[in-house]
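First comes the structure, then the notes that go with it.
The values are calculated or read from the model by the stated rules, or taken from the named source; none is laboratory data. Here the structure is a predicted model, which means the values were calculated and not measured. Positions of Cβ are generated from backbone atoms using ideal geometry, with glycine treated the same way; all protein chains shown enter the neighbour counts. Just so you know, the surface numbers come from the protein's heavy atoms only, side chains and all, with ligands and any DNA or RNA stripped out. Shrake-Rupley method; radii C 1.70, N 1.55, O 1.52, S 1.80 Å.
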Amino acid sequence: MALREILEHRRSIRHYDAEKTIDTDRVKACLELATLAPTSSNMQLWECYHITNKTVMKALAKACLNQQSAATAQEMVVFVTRQDLHRKHAKAALTFERENVKRNSPAEKQEKRIKRWEMYYTKVIPFMYGRCFGLLGLLRKILAQCVGLFTPMTRQLSESDMRVVVHKSCALVAQTFMLAMSEAGYDTCPLEGFDSYRVKRILKLPYAAKINMVVSCGIRKPNGVWGDRFRLPFGEIYHHV
């Protein structure tokens, strides 16, 4: 399908057809495509849990308030943020960028560019993503306000702000997955109505992991979509500057 066809096909499905199954390997392939989604600083602080076990599916449906979209799903994917892994991911990104610079930069510029990446991933990233009961975020915010008096500066650096950054990146991944599923002829529904504590307990997730989104998967029934799609008039949201 062309992009417009994919976007028009993708709807939030409320009722899946129990008689039509989906290929688990193909869903996994769509998740692999989702790894191509952009994330802030390429930190990729997310994980996905592909659920096919019927017992776990039933428990998750209950944790998702027994919504039809969850109760009738063939499979489910839970997208999780992992801000606690920022040091590990920063180390991996730095290892990649060192070699990336060597492969793709002129020899005379390599040392300077590698040092810049080292500063970013060993100093800046740990400072930005670190947590200390809100105190580190407060320090970042104060520094940003001071520096911002003299030069343009990122202002949203509190611990809650950084939590939003991580969830935005994860949401881009989830959206990419849903579009890949649509291109494959499958249907999805992103769910935000769920008991996050129960979902974490069912999946045995660590304390620091946060649930971003639960996506149900399957093939829609004819009545699986709640009527026509509503969107605000484009003129109300489009501003040309």
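Data overview
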read-out	value
Test: residue in the range 84-99 that is among the β-branched types (Val, Ile, Thr), without any contact (Cβ under 8 Å) to a residue 24 or more places away in the chain and more than 26 Å from Glu159 (Cα to Cα)	yes
Test: residue in the range 89-108 that is touching a Leu at 6+ places or on another chain (Cβ under 9 Å) and either outside the structural domain of His9 (by the TED database) or more than 30 Å from Ala59 (Cβ to Cβ) (or both)	yes
Evaluation of Glu99 against (1) outside any loop (DSSP other than H, G, I, E, B); (2) open to solvent by less than 80 Å² (accessible area, probe 1.4 Å); (3) not hydrophobic (A, V, I, L, M, F, W, C) (one fails), failing number	(2)
Selection count, the range 6-31, where residues are in contact with a strand residue (DSSP E or B) (Cβ under 6 Å, 6 or more places away or on another chain) and charged (D, E, K, R)	0
Verdict on Gly185 being small (Gly, Ala, Ser), open to solvent by 30 Å² or more (accessible area, probe 1.4 Å) and assigned by the TED database to the domain that holds Cys64	yes
Test: residue in the range 146-154 that is open to solvent by less than 60 Å² (accessible area, probe 1.4 Å) and outside the structural domain of Asn223 (by the TED database)	yes
Which numbered condition Ala174 misses (of (1) in a loop (DSSP other than H, G, I, E, B); (2) of a type outside the set (D, E, K, R); (3) assigned by the TED database to the domain that holds Ile13)	(1)
Pick from the range 49-85, criterion assigned to a strand (DSSP E or B) and of a type in the set (Ser, Thr, Tyr), ranking: most open to solvent (accessible area, probe 1.4 Å)	Tyr49
Residues satisfying the stated conditions in the range 183-216, i.e. closer than 15 Å to Cys64 by Cα and assigned to a strand (DSSP E or B)	Thr188, Cys189, Pro190, Leu191, Ile211, Asn212, Met213, Val214, Val215, Ser216
In the range 1-48, the residues that are crowded, with 19+ Cβ neighbours inside 10 Å and in a strand (DSSP E or B)	Tyr16, Trp46, Cys48
Residue match in the range 225-241 (condition: assigned to a loop (DSSP other than H, G, I, E, B) and buried (at least 18 other Cβ atoms within 10 Å of the Cβ))	no
Output for the range 138-171, where each listed residue is in contact (Cβ under 8 Å) with a residue 12 or more places away in the chain, more than 21 Å from Arg82 (Cα to Cα) and not in a helix (DSSP H, G or I)	Arg155
Checklist (1) surrounded by fewer than 12 Cβ atoms within 10 Å (Cβ to Cβ); (2) part of a loop (DSSP other than H, G, I, E, B); (3) at pLDDT 95 or above applied to Cys132, failing item	(3)
